[in-house]
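To start, the structure under review is shown below, and the notes come after it.
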Amino acid sequence: MTSESLHPQGAPARRTVVAAVGAAGLAAALTACGSEDTSGSGTSTTQNGSGTAGGSGGDGAAAGSGGTALAKTSDIPEGGGKVLGSVVVTQPAKGEFKAFSSTCTHQGCAVNRVADGVIVCPCHQSEFSAADGSVKKGPALKPLPAKDITVADGEIRLA
């Protein structure tokens, strides 16, 4: 048997397949460990009254037609916050609501709690300010990206 009979024509060599799978896995791992780079200041847009950003009309039905509903304002403790899926919503001062990505900028773990004015990542204990998403304690180097929200009629929505 010759070595030519081991590799049928048109089929890639085992080495080529292994290298391609390894490169794809490396690319996926690097993407998962990357961070979102934002040029924003780490603050979100909030409204503490009536209306919504980009909404039409002035009635309650128009206010409810904005983005995805996240929570009621009464659900977010003053001086604290809640992790709601891919978003963390905070209330650093009475009536002031902020929202940030819940994905830690260090290695992509999901933050899991808000306590004592900081948003905490359980993987490597990075801490972020509940007021503006800035890094309070590393290893994370970049702030949590802000999410635009609207606050109207006691409800917090993604803008």
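The values are calculated or read from the model by the stated rules, or taken from the named source; none is laboratory data. Nothing here was measured: the structure is a model prediction, and the numbers come from that model. As a convention, Cβ positions derive from the backbone with ideal geometry for all residues, glycine included, and neighbour counts pool all protein chains shown. Heavy atoms of the whole protein, side chains included, go into the accessibility calculation; ligands, DNA and RNA do not. Shrake-Rupley method; radii C 1.70, N 1.55, O 1.52, S 1.80 Å.
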Note to self: Taking all protein chains in place and a 1.4 Å probe, what share, in percent, of the accessible surface of the stretch 88-159 do carbon and sulfur account for?
What the structure shows: 46 percent
Check: If you wrap a convex hull around the C-alpha atoms of the stretch 83-145 and split its volume per residue, what is the figure in Å³?
Finding: 66 Å³
Check: If we count every other residue with Cβ under 14 angstrom of ASP148's Cβ, Lys/Arg +1 and Asp/Glu -1, where does the sum land?
Finding: +3
Notebook entry, point to check: Any idea of the accessible area per residue across the stretch 68-154, 1.4 Å probe, to the nearest Å²?
Noted result: 44 Å²
